[in-house]
1. Which number in (1) outside any helix (DSSP H, G or I); (2) more than 28 Å from Val69 (Cβ to Cβ) marks the one condition that Asp120 misses?
2. Counting only residues that are part of a loop (DSSP other than H, G, I, E, B) and open to solvent by less than 60 Å² (accessible area, probe 1.4 Å), which one in the range 123-144 is nearest to Asp264 (Cα to Cα)?
3. Mind counting the residues in the range 291-327 that are open to solvent by less than 60 Å² (accessible area, probe 1.4 Å), in a loop (DSSP other than H, G, I, E, B) and out of contact with any Leu (no Cβ under 9 Å at 6 or more places or on another chain)?
4. Collect the residues in the range 28-37 that are under 18 Å from Arg10 (Cα atoms) and not basic (Lys, Arg), keeping them in residue-number order.
5. Within the range 253-273, how many residues are touching a strand residue (DSSP E or B) at 6+ places or on another chain (Cβ under 8 Å) and not in a strand (DSSP E or B)?
6. List, please: which pairs have Cβ atoms under 7 Å, are six or more places apart or on different chains, and start with a residue in the range 366-377 that is under 16 Å from Val333 (Cβ atoms) and end with one that is in a helix (DSSP H, G or I)?
7. Assigned to a strand (DSSP E or B), touching a residue at least 60 places away in the same chain (Cβ under 8 Å) and buried (at least 22 other Cβ atoms within 10 Å of the Cβ): is that true of Leu250 in this structure?
Amino acid sequence: MSDTRSGNDRYDAIVVGVGGVGSATVYELARRGLDVLGIERYDVPHAMGSSHGSTRIIRKAQQEGPEYVPLVERAYERWRDLEERTGRDLLTVTGSVHAGAPGTDVVANAREACAAHDIDYEDLSGDEVNERFPGYDLPSDFEAVFQPEGGYLDCERCVSAHVEAAHGEGATVRARERAIDWSETGDGVRVRTDEGRYEADELVVTAGPWTAELLPEVADDAVPVRALMAWLQPADPELFSPDRFPVFVLRGEDGGGYGFPVHDVPGFKFGYSGDQREVVDPDRMDREPTAAEEELHRRFAEEFFPKGAGPTLALRTCIQSYSSDEDFVLGRVPGYDSVTVGTGFTGHGFKFASATGEVLADFATEGETDLDVSAHSIDRL
């Protein structure tokens, strides 16, 4: 047992997994006056799951569906509140572009979500996008939606800010400590780690790709999928600066991608994926990018962002946890009295973390939430 362990082994709530969503949940519970313990198997922050790589997109144009818009609008509010609380710059506005080849649905769906919630947007052709943002080189027959409030979050800084704010509210976060198992006790839960045992009234599981280890009941909706992020040197770095290059979501005929201006580390950052997903064991996944993956990403950049397709600067793997219907999984776990889960964020959950942390804290303390997350209710599964 580490000699730094707190003498208090009974808490109001324990949160297992202190990444993007977990760190927000720890903060939101502590902000309500609860005595909270966060348990993280790696560092805080770390690069083993879904909350690393310098930046994550945030956007009000939600091609995933109009039901996501109220959640992301609340997330914007909570990110700005966190910036004010901690004095950290977390959210940078660049505008966002949703673009697609003829016959793809990414643009129509983004437009529909904006229209349903009176979100300002502008329809652009591929040529109009290229003229306005010269780092882009979209085909003339592409169509696009530009939404001026999109941007990016500094993801590691966001995790750190939530934990810093949670510390300010009296929470305890224990890193490099693995939760092995847990059980309900009649008056709450007991969590066993490789360091000891802790008890609490409530348990919240936000363990990303390791969620199924602790909650086999949600294994089909917390499927770990390997993904890659790339950074390439732009030929003209100014074209990829935050004031000249909006974040994007793009769908071509063979697959889709997303990307960012240069931020924090050198290079134009983007990700690309085809329609096939590589399901992995997060403890045994090959974390070294392959030459074939690098070439696939390079071809994407050369096709749509040739001025950004210079020498490779970095390649990093991450893990995305997919649900069976690709909506989130939030709520009290059926069959238990004291357990809440947040999982299945399906590759785009970080932007919502400040709001989903609030939602999970609602479930843990009240059993319900005022924010409409019915599309993401665990009860639908």
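1. Failing condition for Asp120: (2).
2. Gly135
3. Looking only at that region, the number is 1.
4. Of everything in the range 28-37, those that are under 18 Å from Arg10 (Cα atoms) and not basic (Lys, Arg) turn out to be Leu29, Ala30, Gly33, Leu34, Asp35, Val36, Leu37.
5. Of the residues in that region, 7 qualify.
6. Glu368/Asp362; Thr369/Val359; Thr369/Asp362; Thr369/Phe363; Val373/Leu71; Val373/Val359
7. So Leu250 fits the description; yes.
Okay, residues lined up against (1) among the β-branched types (Val, Ile, Thr); (2) in contact with a strand residue (DSSP E or B) (Cβ under 7 Å, 6 or more places away or on another chain); (3) farther than 30 Å from Glu131 by Cα:
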residue	(1), (2), (3)
Glu295	no, no, no
Gly310	no, yes, no
Ser323	no, yes, yes
Val341	yes, yes, yes
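The values are calculated or read from the model by the stated rules, or taken from the named source; none is laboratory data. Everything quoted here is computed from the prediction, not taken from an experiment. Cβ atoms come from the backbone with ideal geometry, glycine included; neighbour counts cover every protein chain shown. With ligands, DNA and RNA removed, areas are computed over all heavy atoms of the protein, side chains included. Shrake-Rupley method; radii C 1.70, N 1.55, O 1.52, S 1.80 Å.
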